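The values are calculated or read from the model by the stated rules, or taken from the named source; none is laboratory data. Fair warning: this is a prediction, and the values are worked out from it, not measured in the lab. Every residue, glycine among them, receives a Cβ derived from its backbone with ideal geometry; neighbour counts consider all protein chains shown. For the accessible areas, the whole protein counts, side chains as well, though only heavy atoms, and no ligand, DNA or RNA atoms are used. Shrake-Rupley method; radii C 1.70, N 1.55, O 1.52, S 1.80 Å.
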Amino acid sequence: MSLKLGCIADDYTGASDLANTLTRAGLRTVQTIGVPASDLALPEVDAVVVSLKSRSIEASQAVARSREADRWLRARGAEHVLFKICSTFDSTDAGNIGPVMDALAGDAGDPIVLVTPAFPETKRTVYQGNLFVGAVPLNESPLKDHPLNPMHDANLVRVLGRQSRRRIGLVDLATVVHGPEAIGHRLQELAGQDFGAAIIDAVFDADLTAIGAAALKSKVSVGASGIGLGLARALVAAGQAHSHGLTHHEDAPVGGMAACLAGSCSQATLQQIAQAETIMPVLHLDAAALVAGPDEAQRAMVWAGERIGRGPVLIASSATPDQVSALQARHGREAAGHAIEQAMADLAEGLIEVGVRRLIVAGGETSGAVVDRLRIPGFLVGPEIAAGVPVLRAIGAEAGDMLLALKSGNFGGPQFFADALGLMR
Ligand SMILES: Nc1ncnc2c1ncn2[C@@H]1O[C@H](COP(=O)(O)OP(=O)(O)O)[C@@H](O)[C@H]1O
Ligand SMILES: O=C(O)[C@@H](O)C(=O)COP(=O)(O)O
(Lines give C-alpha, C1' and ligand atoms only; values in the text may rest on other atoms or scores of the structure.)
(Ligands and ions follow the chains in the order given, each with its own letter.)
Protein backbone atom coordinates (compact mmCIF):
# COMPACT_ATOMS: atom_id res chain seq x y z
CA MET A 1 0.00 0.00 0.00
CA SER A 2 1.40 3.42 -0.92
CA LEU A 3 -0.54 6.10 0.86
CA LYS A 4 -1.13 9.51 -0.66
CA LEU A 5 -2.25 11.04 2.62
CA GLY A 6 -1.75 10.02 6.22
CA CYS A 7 -4.01 11.34 8.97
CA ILE A 8 -3.86 11.14 12.75
CA ALA A 9 -7.12 12.07 14.46
CA ASP A 10 -7.24 12.98 18.14
CA ASP A 11 -10.65 11.34 18.65
CA TYR A 12 -12.82 8.75 16.95
CA THR A 13 -15.75 10.91 15.87
CA GLY A 14 -13.30 13.43 14.45
CA ALA A 15 -11.65 10.59 12.56
CA SER A 16 -14.91 9.41 11.01
CA ASP A 17 -15.75 13.02 10.12
CA LEU A 18 -12.42 13.29 8.29
CA ALA A 19 -12.72 9.84 6.67
CA ASN A 20 -16.17 10.87 5.44
CA THR A 21 -14.83 14.15 4.02
CA LEU A 22 -11.89 12.50 2.25
CA THR A 23 -14.12 9.80 0.80
CA ARG A 24 -16.53 12.37 -0.52
CA ALA A 25 -13.63 14.28 -2.10
CA GLY A 26 -12.65 11.13 -3.99
CA LEU A 27 -9.95 9.49 -1.86
CA ARG A 28 -10.38 5.82 -0.99
CA THR A 29 -10.14 6.05 2.77
CA VAL A 30 -10.16 3.70 5.72
CA GLN A 31 -10.39 4.59 9.41
CA THR A 32 -8.33 2.53 11.81
CA ILE A 33 -8.62 2.46 15.58
CA GLY A 34 -5.11 3.11 16.80
CA VAL A 35 -2.09 1.99 14.81
CA PRO A 36 -3.29 -1.13 12.98
CA ALA A 37 -1.99 -4.54 13.97
CA SER A 38 0.06 -6.15 11.22
CA ASP A 39 -2.58 -8.84 10.61
CA LEU A 40 -5.46 -6.39 9.98
CA ALA A 41 -6.48 -6.79 6.32
CA LEU A 42 -6.83 -3.27 4.93
CA PRO A 43 -8.14 -2.62 1.42
CA GLU A 44 -6.06 -0.70 -1.12
CA VAL A 45 -6.61 2.94 -0.18
CA ASP A 46 -5.33 6.47 -0.82
CA ALA A 47 -5.67 7.66 2.77
CA VAL A 48 -5.65 6.11 6.23
CA VAL A 49 -7.08 7.98 9.20
CA VAL A 50 -5.55 6.56 12.38
CA SER A 51 -7.96 7.32 15.21
CA LEU A 52 -6.44 8.02 18.59
CA LYS A 53 -8.21 8.89 21.82
CA SER A 54 -5.62 11.54 22.57
CA ARG A 55 -7.56 14.78 22.87
CA SER A 56 -7.97 14.78 26.62
CA ILE A 57 -5.10 12.62 27.85
CA GLU A 58 -1.78 13.82 29.29
CA ALA A 59 0.23 15.70 26.63
CA SER A 60 3.31 13.46 26.70
CA GLN A 61 1.14 10.40 26.03
CA ALA A 62 -0.67 12.18 23.19
CA VAL A 63 2.72 13.01 21.67
CA ALA A 64 4.02 9.43 22.00
CA ARG A 65 0.90 7.90 20.41
CA SER A 66 0.81 10.46 17.60
CA ARG A 67 4.47 9.90 16.76
CA GLU A 68 3.91 6.16 16.60
CA ALA A 69 0.99 6.69 14.20
CA ASP A 70 3.10 9.12 12.14
CA ARG A 71 5.88 6.54 11.77
CA TRP A 72 3.36 3.90 10.66
CA LEU A 73 1.81 6.22 8.06
CA ARG A 74 5.12 7.44 6.67
CA ALA A 75 6.43 3.86 6.45
CA ARG A 76 3.48 3.22 4.12
CA GLY A 77 4.35 6.04 1.78
CA ALA A 78 2.51 9.04 3.25
CA GLU A 79 4.56 12.13 2.45
CA HIS A 80 2.06 14.45 4.10
CA VAL A 81 0.44 13.81 7.48
CA LEU A 82 -2.55 15.79 8.71
CA PHE A 83 -3.03 15.96 12.47
CA LYS A 84 -6.84 16.12 12.70
CA ILE A 85 -8.11 18.19 15.60
CA CYS A 86 -11.60 19.37 16.44
CA SER A 87 -13.17 22.13 14.37
CA THR A 88 -13.82 23.89 17.67
CA PHE A 89 -10.13 23.56 18.65
CA ASP A 90 -11.05 21.49 21.73
CA SER A 91 -7.99 21.54 24.01
CA THR A 92 -6.71 23.10 27.21
CA ASP A 93 -3.72 25.36 27.84
CA ALA A 94 -1.80 22.19 28.78
CA GLY A 95 -2.27 20.79 25.26
CA ASN A 96 -2.58 18.66 23.28
CA ILE A 97 -2.65 20.41 19.91
CA GLY A 98 0.57 22.38 20.44
CA PRO A 99 2.73 19.56 21.84
CA VAL A 100 1.66 17.08 19.14
CA MET A 101 2.17 19.67 16.40
CA ASP A 102 5.64 20.51 17.74
CA ALA A 103 6.64 16.84 17.83
CA LEU A 104 5.33 15.92 14.37
CA ALA A 105 6.76 19.03 12.70
CA GLY A 106 10.08 18.52 14.50
CA ASP A 107 10.27 14.88 13.30
CA ALA A 108 9.39 15.91 9.74
CA GLY A 109 11.80 18.86 9.74
CA ASP A 110 9.09 21.34 8.73
CA PRO A 111 10.16 24.89 9.65
CA ILE A 112 6.56 26.16 9.71
CA VAL A 113 3.17 24.44 9.97
CA LEU A 114 -0.23 25.56 8.66
CA VAL A 115 -3.01 25.26 11.22
CA THR A 116 -6.75 25.81 10.76
CA PRO A 117 -9.88 24.26 12.27
CA ALA A 118 -12.05 26.04 9.67
CA PHE A 119 -14.74 23.96 7.98
CA PRO A 120 -17.29 26.35 6.46
CA GLU A 121 -19.71 23.49 5.61
CA THR A 122 -20.22 22.96 9.34
CA LYS A 123 -20.14 26.71 10.06
CA ARG A 124 -16.64 26.84 11.53
CA THR A 125 -14.80 29.82 10.05
CA VAL A 126 -11.59 31.59 10.99
CA TYR A 127 -11.04 35.31 10.42
CA GLN A 128 -7.98 37.24 11.64
CA GLY A 129 -7.13 34.11 13.61
CA ASN A 130 -10.45 34.15 15.49
CA LEU A 131 -12.63 31.05 15.35
CA PHE A 132 -16.36 31.51 14.80
CA VAL A 133 -18.97 28.82 15.43
CA GLY A 134 -21.88 29.92 13.29
CA ALA A 135 -22.32 33.64 13.94
CA VAL A 136 -20.55 33.83 17.30
CA PRO A 137 -16.93 33.67 18.46
CA LEU A 138 -15.87 30.33 19.95
CA ASN A 139 -15.94 31.66 23.51
CA GLU A 140 -19.60 32.69 23.14
CA SER A 141 -20.64 29.38 21.55
CA PRO A 142 -21.89 26.31 23.46
CA LEU A 143 -18.24 25.19 23.58
CA LYS A 144 -17.78 27.53 26.53
CA ASP A 145 -19.62 24.86 28.54
CA HIS A 146 -17.87 21.74 27.22
CA PRO A 147 -17.59 19.19 30.06
CA LEU A 148 -13.88 18.42 29.45
CA ASN A 149 -12.37 21.41 27.63
CA PRO A 150 -14.45 24.56 27.95
CA MET A 151 -13.24 27.06 25.33
CA HIS A 152 -12.90 30.62 26.64
CA ASP A 153 -10.73 32.28 23.99
CA ALA A 154 -11.60 32.56 20.28
CA ASN A 155 -8.17 33.90 19.26
CA LEU A 156 -6.33 30.81 18.07
CA VAL A 157 -2.98 32.57 17.71
CA ARG A 158 -3.16 33.10 21.47
CA VAL A 159 -4.65 29.68 22.26
CA LEU A 160 -1.99 27.78 20.29
CA GLY A 161 0.70 30.11 21.60
CA ARG A 162 -0.07 28.91 25.13
CA GLN A 163 0.38 25.27 24.08
CA SER A 164 3.31 25.29 21.64
CA ARG A 165 7.03 25.92 21.93
CA ARG A 166 6.87 27.44 18.42
CA ARG A 167 6.11 31.08 17.76
CA ILE A 168 2.63 31.35 16.22
CA GLY A 169 1.86 33.70 13.33
CA LEU A 170 -1.15 34.41 11.12
CA VAL A 171 -1.85 34.01 7.41
CA ASP A 172 -4.84 36.27 6.94
CA LEU A 173 -7.79 36.03 4.55
CA ALA A 174 -6.42 38.82 2.35
CA THR A 175 -3.48 36.52 1.59
CA VAL A 176 -5.55 33.36 1.25
CA VAL A 177 -7.75 34.86 -1.48
CA HIS A 178 -4.63 35.36 -3.63
CA GLY A 179 -4.08 31.61 -3.75
CA PRO A 180 -1.47 28.98 -2.84
CA GLU A 181 1.57 30.91 -4.05
CA ALA A 182 0.69 33.95 -1.96
CA ILE A 183 0.19 31.65 1.03
CA GLY A 184 3.59 30.06 0.34
CA HIS A 185 5.31 33.47 0.20
CA ARG A 186 3.69 34.54 3.45
CA LEU A 187 4.79 31.29 5.12
CA GLN A 188 8.37 31.83 3.98
CA GLU A 189 8.24 35.38 5.31
CA LEU A 190 6.92 34.16 8.68
CA ALA A 191 9.48 31.35 8.87
CA GLY A 192 12.20 33.94 8.22
CA GLN A 193 10.92 35.88 11.24
CA ASP A 194 11.22 32.78 13.44
CA PHE A 195 7.55 31.82 13.42
CA GLY A 196 7.14 28.03 13.55
CA ALA A 197 3.39 27.72 12.90
CA ALA A 198 0.63 29.89 11.49
CA ILE A 199 -3.10 29.96 11.98
CA ILE A 200 -4.58 30.41 8.53
CA ASP A 201 -7.92 32.14 7.96
CA ALA A 202 -10.66 30.41 5.96
CA VAL A 203 -14.20 31.68 5.58
CA PHE A 204 -15.44 30.16 2.31
CA ASP A 205 -15.17 26.68 0.87
CA ALA A 206 -12.89 27.98 -1.93
CA ASP A 207 -10.36 29.11 0.70
CA LEU A 208 -9.84 25.44 1.60
CA THR A 209 -8.72 24.65 -1.96
CA ALA A 210 -5.95 27.26 -1.81
CA ILE A 211 -4.96 26.19 1.70
CA GLY A 212 -4.82 22.50 0.73
CA ALA A 213 -2.58 23.21 -2.27
CA ALA A 214 -0.23 25.28 -0.10
CA ALA A 215 -0.24 22.75 2.77
CA LEU A 216 0.63 19.83 0.49
CA LYS A 217 4.04 21.41 -0.14
CA SER A 218 5.05 20.67 3.44
CA LYS A 219 5.04 17.41 5.39
CA VAL A 220 2.69 18.20 8.26
CA SER A 221 -0.47 20.22 8.69
CA VAL A 222 -2.90 20.62 11.56
CA GLY A 223 -6.63 21.17 11.32
CA ALA A 224 -10.12 19.82 11.02
CA SER A 225 -11.91 18.27 8.06
CA GLY A 226 -11.79 21.54 6.10
CA ILE A 227 -8.05 21.41 5.55
CA GLY A 228 -8.46 17.66 4.90
CA LEU A 229 -10.85 18.55 2.10
CA GLY A 230 -8.34 21.04 0.70
CA LEU A 231 -5.55 18.43 0.81
CA ALA A 232 -7.77 15.86 -0.93
CA ARG A 233 -8.63 18.34 -3.67
CA ALA A 234 -4.95 19.16 -4.15
CA LEU A 235 -4.07 15.46 -4.46
CA VAL A 236 -6.83 14.85 -7.01
CA ALA A 237 -5.86 17.99 -8.96
CA ALA A 238 -2.22 16.87 -9.04
CA GLY A 239 -3.27 13.46 -10.39
CA GLN A 240 -1.85 11.76 -7.29
CA ALA A 241 -5.24 10.34 -6.41
CA HIS A 242 -8.21 9.65 -8.63
CA SER A 243 -11.76 10.50 -7.81
CA HIS A 244 -12.95 7.03 -6.76
CA GLY A 245 -15.95 7.73 -4.58
CA LEU A 246 -17.34 5.01 -2.36
CA THR A 247 -15.66 2.08 -4.06
CA HIS A 248 -15.13 -0.17 -1.11
CA HIS A 249 -18.27 0.28 0.93
CA GLU A 250 -20.39 -2.82 0.96
CA ASP A 251 -24.04 -2.05 1.32
CA ALA A 252 -25.38 -5.48 2.14
CA PRO A 253 -27.78 -4.96 5.06
CA VAL A 254 -26.50 -6.02 8.47
CA GLY A 255 -29.89 -6.35 10.16
CA GLY A 256 -29.93 -7.11 13.87
CA MET A 257 -31.21 -4.85 16.60
CA ALA A 258 -30.45 -1.13 16.78
CA ALA A 259 -29.62 1.09 19.76
CA CYS A 260 -28.37 4.60 20.49
CA LEU A 261 -26.08 5.80 23.30
CA ALA A 262 -25.54 9.48 24.08
CA GLY A 263 -22.79 10.79 26.35
CA SER A 264 -22.40 14.18 24.68
CA CYS A 265 -23.81 17.12 26.64
CA SER A 266 -23.75 19.51 23.68
CA GLN A 267 -26.81 21.60 22.91
CA ALA A 268 -27.19 19.85 19.55
CA THR A 269 -27.25 16.41 21.18
CA LEU A 270 -29.69 17.51 23.91
CA GLN A 271 -32.04 18.70 21.18
CA GLN A 272 -31.62 15.47 19.20
CA ILE A 273 -32.44 13.40 22.29
CA ALA A 274 -35.58 15.45 22.86
CA GLN A 275 -36.65 14.74 19.26
CA ALA A 276 -35.84 11.03 19.64
CA GLU A 277 -38.40 10.79 22.48
CA THR A 278 -41.10 11.04 19.81
CA ILE A 279 -39.91 7.94 17.91
CA MET A 280 -38.34 5.51 20.42
CA PRO A 281 -38.09 4.77 24.13
CA VAL A 282 -35.46 6.99 25.77
CA LEU A 283 -33.83 6.32 29.16
CA HIS A 284 -32.20 9.30 30.92
CA LEU A 285 -29.53 7.87 33.17
CA ASP A 286 -28.92 9.23 36.64
CA ALA A 287 -25.35 10.46 36.13
CA ALA A 288 -24.58 10.63 39.86
CA ALA A 289 -25.66 7.00 40.28
CA LEU A 290 -23.62 6.06 37.19
CA VAL A 291 -20.49 7.51 38.80
CA ALA A 292 -21.28 5.86 42.14
CA GLY A 293 -21.25 2.24 40.92
CA PRO A 294 -22.49 -0.41 38.49
CA ASP A 295 -26.17 -0.53 39.60
CA GLU A 296 -27.36 2.28 37.32
CA ALA A 297 -25.86 0.70 34.19
CA GLN A 298 -27.36 -2.65 35.20
CA ARG A 299 -30.77 -1.00 35.62
CA ALA A 300 -30.37 0.47 32.14
CA MET A 301 -29.57 -2.93 30.64
CA VAL A 302 -32.71 -4.41 32.18
CA TRP A 303 -34.72 -1.46 30.80
CA ALA A 304 -33.20 -1.95 27.35
CA GLY A 305 -33.67 -5.74 27.43
CA GLU A 306 -37.42 -5.27 28.00
CA ARG A 307 -37.77 -3.00 24.95
CA ILE A 308 -35.06 -3.65 22.38
CA GLY A 309 -36.82 -6.63 20.75
CA ARG A 310 -39.58 -4.25 19.66
CA GLY A 311 -37.36 -1.58 18.09
CA PRO A 312 -34.48 0.84 18.72
CA VAL A 313 -33.92 2.45 22.13
CA LEU A 314 -31.81 5.39 23.26
CA ILE A 315 -29.90 5.56 26.56
CA ALA A 316 -28.43 8.96 27.50
CA SER A 317 -26.26 10.33 30.28
CA SER A 318 -26.40 13.76 28.63
CA ALA A 319 -27.25 16.67 30.92
CA THR A 320 -27.44 20.46 30.91
CA PRO A 321 -24.37 22.61 31.75
CA ASP A 322 -25.69 23.26 35.30
CA GLN A 323 -26.17 19.56 35.98
CA VAL A 324 -22.75 18.75 34.53
CA SER A 325 -21.09 21.42 36.72
CA ALA A 326 -22.83 20.11 39.84
CA LEU A 327 -21.61 16.57 39.22
CA GLN A 328 -18.09 17.75 38.43
CA ALA A 329 -18.00 19.81 41.63
CA ARG A 330 -18.60 16.60 43.58
CA HIS A 331 -16.34 14.19 41.67
CA GLY A 332 -13.92 16.27 39.61
CA ARG A 333 -14.15 16.91 35.87
CA GLU A 334 -11.99 14.06 34.65
CA ALA A 335 -13.16 11.45 37.13
CA ALA A 336 -16.83 12.13 36.37
CA GLY A 337 -16.23 12.08 32.60
CA HIS A 338 -14.18 8.90 32.73
CA ALA A 339 -16.64 7.03 34.96
CA ILE A 340 -19.55 7.91 32.69
CA GLU A 341 -17.61 6.96 29.55
CA GLN A 342 -16.80 3.55 31.07
CA ALA A 343 -20.45 3.04 32.04
CA MET A 344 -21.47 3.81 28.44
CA ALA A 345 -18.87 1.28 27.25
CA ASP A 346 -20.39 -1.32 29.65
CA LEU A 347 -23.78 -0.61 28.14
CA ALA A 348 -22.46 -0.93 24.59
CA GLU A 349 -20.92 -4.29 25.47
CA GLY A 350 -24.20 -5.46 27.02
CA LEU A 351 -26.19 -4.31 24.00
CA ILE A 352 -23.91 -6.18 21.58
CA GLU A 353 -24.26 -9.31 23.75
CA VAL A 354 -28.05 -9.22 23.38
CA GLY A 355 -27.79 -8.89 19.59
CA VAL A 356 -27.47 -5.21 18.72
CA ARG A 357 -25.56 -4.86 15.45
CA ARG A 358 -26.45 -1.28 14.55
CA LEU A 359 -25.18 1.19 17.12
CA ILE A 360 -25.26 4.98 17.15
CA VAL A 361 -23.05 6.80 19.65
CA ALA A 362 -23.20 10.54 20.34
CA GLY A 363 -20.05 12.14 21.74
CA GLY A 364 -16.38 11.93 20.82
CA GLU A 365 -14.91 10.67 24.10
CA THR A 366 -17.98 8.49 24.58
CA SER A 367 -17.47 6.94 21.13
CA GLY A 368 -13.81 6.34 21.94
CA ALA A 369 -14.67 4.42 25.11
CA VAL A 370 -17.35 2.39 23.31
CA VAL A 371 -15.27 1.48 20.25
CA ASP A 372 -12.29 0.52 22.43
CA ARG A 373 -14.46 -1.71 24.57
CA LEU A 374 -15.94 -3.42 21.51
CA ARG A 375 -12.37 -3.98 20.21
CA ILE A 376 -13.19 -2.80 16.69
CA PRO A 377 -9.93 -2.34 14.74
CA GLY A 378 -11.21 -0.28 11.83
CA PHE A 379 -14.05 1.02 9.68
CA LEU A 380 -15.03 1.41 6.06
CA VAL A 381 -16.89 4.62 5.26
CA GLY A 382 -20.48 4.40 4.04
CA PRO A 383 -23.25 6.88 3.25
CA GLU A 384 -23.31 10.29 4.94
CA ILE A 385 -26.00 10.73 7.61
CA ALA A 386 -25.24 14.40 8.27
CA ALA A 387 -22.26 16.63 7.52
CA GLY A 388 -19.29 14.97 9.25
CA VAL A 389 -21.13 11.78 10.25
CA PRO A 390 -20.97 8.72 7.98
CA VAL A 391 -22.35 5.23 8.43
CA LEU A 392 -19.35 3.08 9.39
CA ARG A 393 -19.00 -0.62 8.68
CA ALA A 394 -16.72 -2.35 11.17
CA ILE A 395 -13.82 -4.38 9.82
CA GLY A 396 -12.21 -7.13 11.86
CA ALA A 397 -14.69 -6.80 14.75
CA GLU A 398 -15.03 -9.76 17.12
CA ALA A 399 -18.83 -9.41 17.02
CA GLY A 400 -18.83 -9.78 13.21
CA ASP A 401 -20.60 -7.51 10.75
CA MET A 402 -21.76 -4.31 12.44
CA LEU A 403 -22.76 -0.77 11.49
CA LEU A 404 -21.91 2.18 13.70
CA ALA A 405 -22.40 5.92 13.57
CA LEU A 406 -20.05 7.97 15.75
CA LYS A 407 -21.51 11.43 16.08
CA SER A 408 -19.57 14.42 17.22
CA GLY A 409 -21.65 16.04 19.93
CA ASN A 410 -22.14 19.18 17.88
CA PHE A 411 -23.02 17.58 14.57
CA GLY A 412 -26.31 16.59 12.97
CA GLY A 413 -29.76 18.12 12.68
CA PRO A 414 -32.55 17.76 15.25
CA GLN A 415 -33.76 14.45 13.69
CA PHE A 416 -30.27 12.94 13.71
CA PHE A 417 -31.16 9.64 15.40
CA ALA A 418 -34.05 9.01 12.98
CA ASP A 419 -31.85 10.00 10.03
CA ALA A 420 -29.14 7.58 11.15
CA LEU A 421 -31.50 4.67 11.73
CA GLY A 422 -32.99 5.27 8.28
CA LEU A 423 -29.59 4.75 6.63
CA MET A 424 -28.30 1.94 8.86
CA ARG A 425 -30.08 -1.16 7.62
N1 LIG B 1 -24.37 13.99 33.05
C2 LIG B 1 -23.05 14.19 32.89
N3 LIG B 1 -22.35 14.90 33.79
C4 LIG B 1 -21.01 15.12 33.63
N5 LIG B 1 -20.30 14.67 32.58
C6 LIG B 1 -20.97 13.95 31.66
C7 LIG B 1 -22.37 13.67 31.77
N8 LIG B 1 -22.73 12.92 30.70
C9 LIG B 1 -21.62 12.74 29.97
N10 LIG B 1 -20.55 13.34 30.54
C11 LIG B 1 -19.16 13.37 30.05
O12 LIG B 1 -19.01 14.50 29.17
C13 LIG B 1 -18.03 14.21 28.20
C14 LIG B 1 -18.65 14.49 26.84
O15 LIG B 1 -17.63 14.45 25.90
P16 LIG B 1 -17.83 13.76 24.49
O17 LIG B 1 -18.33 12.37 24.60
O18 LIG B 1 -16.52 13.94 23.75
O19 LIG B 1 -18.96 14.65 23.79
P20 LIG B 1 -18.78 15.81 22.70
O21 LIG B 1 -18.69 15.12 21.38
O22 LIG B 1 -20.01 16.64 22.85
O23 LIG B 1 -17.51 16.55 22.99
C24 LIG B 1 -17.64 12.74 28.37
O25 LIG B 1 -16.45 12.65 29.13
C26 LIG B 1 -18.84 12.20 29.17
O27 LIG B 1 -18.53 11.04 29.92
O1 LIG C 1 -13.97 18.62 13.76
C2 LIG C 1 -15.00 18.38 14.38
O3 LIG C 1 -15.76 19.24 14.84
C4 LIG C 1 -15.31 16.93 14.67
O5 LIG C 1 -14.75 16.10 13.70
C6 LIG C 1 -14.75 16.54 15.98
O7 LIG C 1 -13.55 16.40 16.15
C8 LIG C 1 -15.72 16.36 17.00
O9 LIG C 1 -15.28 16.12 18.32
P10 LIG C 1 -16.40 15.79 19.43
O11 LIG C 1 -17.35 16.94 19.45
O12 LIG C 1 -15.69 15.61 20.73
O13 LIG C 1 -17.08 14.54 18.99
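Some values worked out for this structure:
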item	result
Search result, residues across segment 87-112 that are farther than 17 Å from GLY161 by Cα and within 16 Å of ligand 2 (Cβ to nearest atom)	SER87
Condition check for PRO43: open to solvent by 30 Å² or more (accessible area, probe 1.4 Å) and either of a type outside the set (Lys, Arg) or under 19 Å from VAL370 (Cα atoms) (or both)	yes
Scope segment 76-94; condition within 29 Å of PRO147 (Cα to Cα) and part of a loop (DSSP other than H, G, I, E, B); matching residues	ILE85, CYS86, SER87, THR88, PHE89, ASP90, SER91, ASP93, ALA94
Selection from segment 208-236 of residues that are open to solvent by less than 10 Å² (accessible area, probe 1.4 Å) and not aliphatic (A, V, I, L, M)	GLY212, SER221, GLY223, SER225, GLY226, GLY228, GLY230
Qualifying residue in segment 42-54 (condition: touching a Ser or Thr at 6+ places or on another chain (Cβ under 7 Å), within 16 Å of ligand 2 (Cβ to nearest atom) and in a loop (DSSP other than H, G, I, E, B))	yes
Any hit, segment 374-384, residues being surrounded by fewer than 24 Cβ atoms within 10 Å (Cβ to Cβ), closer than 16 Å to ALA15 by Cβ and either over 17 Å from the mean Cα position of the chain (by Cα) or within 12 Å of ligand 2 (Cβ to nearest atom) (or both)	yes
Residues of segment 95-126 that turn out to be part of a helix (DSSP H, G or I) and more than 16 Å from ligand 1 (Cβ to nearest atom), as a count	13
Per-region count, segment 112-126, residues open to solvent by 10 Å² or more (accessible area, probe 1.4 Å) and either free of Cβ contacts under 8 Å to residues at least 60 places away in the same chain or in contact with a helix residue (DSSP H, G or I) (Cβ under 6 Å, 6 or more places away or on another chain) (or both)	3
Unique residue being within 16 Å of ligand 1 (Cβ to nearest atom), farther than 12 Å from ASP10 by Cβ and open to solvent by 10 Å² or more (accessible area, probe 1.4 Å) when the list is THR92, THR88	THR92
Within segment 349-373, tally of residues that are crowded, with 17+ Cβ neighbours inside 10 Å, away from ligand 2 (no atom under 16 Å from the Cβ) and not β-branched (Val, Ile, Thr)	5
